[in-house]
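To start, the structure under review is shown below, and the notes come after it.
The values are calculated or read from the model by the stated rules, or taken from the named source; none is laboratory data. Being a predicted model, the structure only gives us computed values, none of them experimental. Counting neighbours? That spans all protein chains shown, and the Cβs are built from the backbone with ideal geometry, glycine included.
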Amino acid sequence: MVDVNASATSSNANFNRRVDKWIRRHKTKLWWLHSLYALILGIGIMWLGKRNFAYLRVAVFHISFIWLSSLLLPKLLKLRRVPAQSAPHLRLIVNFFNKNLYQQMLFFVLPIYYTSATVGSRNLVFVLLVGFSAVLSTLDVIYDRHLSANRYLNAGFFAFNLFALVNVMLPILWSVSNTLTTRVSGILAFLGFLTLGYPALQSFIRRTGLALGVGVLFFALVELGRPFIPPAPLRMASVEFGTEFDRESLQMLAPMTELKADGASQLYGLTAIRAPLGLQEKLRHRWFENGELVFASAFYNVVGGRTEGFRLWTRCTFGRVTPYTNIRLDLETEGGQLVGRATLHAGR
């Protein structure tokens with residue numbers, strides 16, 4: 001007499017073994033498929049990031065969870081009550097949550113930075129770095145086997161992403177100026193790197209010396225690298241050039257799109273700046289002729305929240321306009337971050 005239950009149990013066991021064997025054989029391919037899915041999902045989050053800033057409030061909890069889990073995971077793995085065979089699974093679970101949280105945050109802030117960046121300028125470098133970091137968080141194989149496994153790489157990755165998030169969050173949610181925001185973001189990034197990269201330093205002298213060294217490095221990167229960072233969420237909505245300007249109505253009376261050789265040497269520039277309600281920033285115009293600085297205006301206080309944008313105008317007098325003269329107008333913050341750029345060219 002055949003034992004039906006025993007036969008069914010044996011069949012299920014064989015099936016489970018075949019499935020487990022197939023998963024182990026194709027594990028890397030499956031992770032790459034998941035990475036593709038995460039990348040497609042990230043594109044959808046980018047669409048959300050262009051339309052609703054409210055998610056930034058939730059992102060505070062995301063980055064806090066990543067920091068706490070990254071800080072506590074090594075300590076949990078050292079506990080005797082955690083079996084050695086369970087450690088890889090625990091690390092995999094934590095990585096899975098952290099990767100997804102990174103993806104949501106980075107793909108959300110990426111379009112905000114891109115909108116504030118100026119095409120052809122050096123502040124596109126930071127946008128590319130944020131985009132690279134976002135894509136890297138979707139690559140499960142690289143993240144699990146290399147990035148999260150190396151303490152210093154993991155700390156550096158967290159510090160950069162913390163900086164990118166806070167640098168957008170402070171101006172939008174709390175109306176902090178961009179110059180102060182970069183410094184606060186740099187301090188928090190420095191603390192994040194220190195806590196994750198050097199959690200077990202025992203010597204007070206060594207800890208203090210290392211902290212000072214890393215702090216100086218972060219300060220230098222923030223202060224010297226500020227021109228490479230878009231002043232998110234500030235952006236130049238429009239720009240006009242002209243030879244006549246009505247100061248009362250702030251209207252360009254004789255707008256122009258091209259310079260005429262031997263024409264007018266005095267130009268007005270009118271820029272409209274988009275900024276969130278409550279945000280206050282100091283901006284100025286810088287005029288260039290064929291790449292040489294001709295005039296830099298004083299800094300003017302800009303208050304965000306206007307539908308038509310805050311309009312800033314200046315006037316600049318040039319020498320004789322010759323064929324192929326190139327006039328450039330840069331709009332920048334007090335901290336040297338480029339908000340927008342426009343050019344006028346003279347033909348023959």
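Numbers below:
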quantity	calculated
Count - residues of segment 174-187 that are in contact with a Leu (Cβ under 6 Å, 6 or more places away or on another chain) and at negative phi	2
Whichever residue in segment 322-348 is over 13 Å from Thr179 (Cβ atoms) and hydrophobic (A, V, I, L, M, F, W, C) and, among such residues, is modelled with the lowest pLDDT	Ala346
One residue from Thr115, Thr138 being under 13 Å from the mean Cα position of the chain (by Cα), of a type in the set (S, T, N, Q) and more than 29 Å from Ala211 (Cα to Cα)	Thr115
Residue that is surrounded by the fewest Cβ atoms within 10 Å (Cβ to Cβ) [pool: residues in segment 307-338 that are of a type in the set (A, V, I, L, M), in contact with a Leu (Cβ under 7 Å, 6 or more places away or on another chain) and farther than 20 Å from Leu250 by Cα]	Val321
Residue match in segment 221-239 (condition: β-branched (Val, Ile, Thr) and within 30 Å of Thr317 (Cβ to Cβ))	yes
Verdict on Tyr102 being assigned by TED's automatic domain parsing to the domain that holds Arg57, in contact with a Pro (Cβ under 6 Å, 6 or more places away or on another chain), buried (at least 18 other Cβ atoms within 10 Å of the Cβ) and closer than 17 Å to Met169 by Cα	no
Given (1) aliphatic (A, V, I, L, M); (2) crowded, with 21+ Cβ neighbours inside 10 Å; (3) closer than 30 Å to Pro74 by Cβ, number of the condition Ala117 does not satisfy	(3)
Residue count, segment 96-125 (criterion: in a helix (DSSP H, G or I), in contact with a helix residue (DSSP H, G or I) (Cβ under 8 Å, 6 or more places away or on another chain) and farther than 18 Å from Ala59 by Cβ)	1
Selected residue (criterion: modelled with the lowest pLDDT) from residues of segment 253-292 that are of a type in the set (S, T, N, Q) and on the phi < 0 side of the Ramachandran plot	Ser265
Residue match in segment 341-348 (condition: of a type in the set (Ser, Thr, Tyr), assigned to a strand (DSSP E or B) and without any contact (Cβ under 8 Å) to a residue 24 or more places away in the chain)	yes
Of the criteria (1) within 26 Å of Pro88 (Cα to Cα); (2) at pLDDT 90 or above, which one Ser116 fails	(1)
Test: residue in segment 160-174 that is in contact with a Phe, Trp or Tyr (Cβ under 7 Å, 6 or more places away or on another chain) and either in the same structural domain as Pro276 (by TED's automatic domain parsing) or closer than 18 Å to Val94 by Cα (or both)	yes
Tally of residues being surrounded by fewer than 23 Cβ atoms within 10 Å (Cβ to Cβ), in contact with a Gly (Cβ under 7 Å, 6 or more places away or on another chain) and assigned to a helix (DSSP H, G or I) across segment 163-181	1
